[in-house]
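Each reported figure results from applying straightforward, stated rules to the coordinates on display, with no laboratory input. Treat the numbers as computed from the prediction; the structure is a model and nothing was measured. A quick note on method: Cβ atoms are made from the backbone with ideal geometry, for glycine too, and the neighbour counts reach across all protein chains shown.
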């Protein structure tokens, strides 16, 4: 399915262009932060710019453009937005945990210590061992 | 109802995804319903309890708040990255006490905290109910703990528990 | 007029995304540690996905959307697998 640009009304073109530019700019700033920031835990915040409003802006721009061009609602792009929003916490959480684990095993400074869990069952087991 | 649809929200999401990917036509609507029922029944084998939503009105409130916070923190983080060394910023870890225990509520909280640039969810200790997060622009620990407890956690408790 | 607006906006957006991918590649090459490289890979595939969305709008072809979705899914699985490897790969249990 291909669409002709001339069929898109001016307001839709401007709105869509604005959203696409916003998304691309935020993705660029996020990647710039990724390249420039000093420590890993600072850098982990940078890609969220691309995955929150970077992806959101591109998806909105694309949705507006195709809806105006096809003269009917085109909303399948929203799946990318939902998918990115739901998967980013999983990847960043796992990466953050891996980084903390590696830093702790290397005894790097500035890492919070392990919080010992104090469930009664565990202490009971310890007592039984002792 | 629960016998056919153990996870109504999941089934609705799957049906919507099927329709969005293959077109909103009557034929695909029938297929979507069949796939959604079959797939959500297959998930019964995992044995997770379906989340019970207590207050639907709080969902829209939470959605609005989160959308606003995402926009605001996007621009805050973008400004800090672009301003370079001039902006004196100290980032750090904070340990937040969390009252939530419901897994779905915790999952939603993790999505909220990760999608708003500036906070990253690192580790959750279910035995102590503490959450380790990293904050990009840490001015005051108490403000962040208060923000999470009163802005997000209160609504999540209303929705899920 | 509207054609010109879209063409300029898409050209600028695609250039921005290309530069963003270069920044990610730089971080992936420099490191310094394995988790930095995996994080950069994560950023790189998100940028590639957005690049494909921009291609879709530029050509007016919705097929690019499916490609973007697949890149997103494969990138997610790759990052999770690599993060899991970082957690478990160096410990002999």
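Miscellaneous remarks
- Take every DSSP beta bridge whose two residues both sit in the protein assembly as shown; close to 100 percent of them are antiparallel.
- Subtracting the Cα-Cα distance of residue C:26 and residue C:77 from their residue separation scaled by 0.36 nm leaves 16.1 nm.
- In chain B, helical runs assigned H by DSSP with n ≥ 4 each contribute -39500 (n - 2.57); averaged across all residues and rounded to the nearest 500, the mean residue ellipticity at 222 nm is -17500 deg cm²/dmol.
- Chain C shape via C-alpha gyration tensor axes, a/c threshold 1.5: oblate
- Radius of gyration over Kirkwood radius for segment A:1-75, both on Cα atoms: the Rg/Rh ratio is 1.16.
- The calculated FRET efficiency for residue B:41 paired with residue B:88, based on their beta-carbon distance and R0 = 56 Å, is about 0.50.
- Protection proxy ranking, peptides A:76-83, B:76-83, B:58-65, A:45-52, average beta carbon neighbours within 10 Å, highest first: A:45-52, A:76-83, B:76-83, B:58-65
- Kirkwood hydrodynamic radius over Cα pairs of segment C:40-85, then Stokes diffusion coefficient at 10 °C and 1.306 mPa s, in µm²/s: 146 µm²/s
- Residue ranges A:85-94, B:48-57 sort as A:85-94, B:48-57 when ordered by packing (mean number of other C-beta atoms within 10 Å per residue, highest first).
- By the Cα gyration tensor, the protein assembly as shown has an equivalent ellipsoid whose semi-axes, rounded to whole angstrom, run 36, 28, 19 from largest to smallest.
- FRET efficiency, 1/(1 + (r/R0)^6) with R0 30 Å, evaluated for residue B:126 and residue B:150 via beta carbons: 0.85
- Peptides A:17-26, C:18-27 ordered by average Cβ neighbours within 10 Å, highest first: A:17-26, C:18-27
- Helical mean residue ellipticity (222 nm; -39500 (n - 2.57) per DSSP H run of 4+; nearest 500) of chain C: -31000 deg cm²/dmol
- Within 10 Å of each Cβ in B:8-18, the average number of Cβ atoms from other chains: 1
- Across peptide C:27-38, the mean count of Cβ atoms from other chains lying within 10 Å of each residue's own Cβ comes to 4.
- Per-residue Cβ neighbour rank within 10 angstrom, fewest leading, B:99, A:102: B:99, A:102
- Shielding of A:69-80 by partner chains, average beta-carbon count, 10 Å: 4
- Its relative contact order, with pairs defined as Cα atoms under 8 Å and 6+ residues apart, puts chain C at 26 percent.
- Cα-only Debye scattering, segment B:57-160: base-10 log of I(q)/I(0) at q = 0.11, 0.18 Å⁻¹: -0.34, -0.88
- When the Gaussian network model of chain B links Cα atoms closer than 10 Å, the mean-square fluctuations of B:112, B:96, B:33 top out at B:33.
- Rounded, prolate or oblate (a/c below 1.5 giving rounded, otherwise prolate when a/b exceeds b/c) for segment A:5-129 by Cα gyration tensor: oblate
- With R₀ fixed at 25 Å, the C-beta to C-beta distance from residue C:12 to residue A:71 puts the FRET efficiency at about 0.40.
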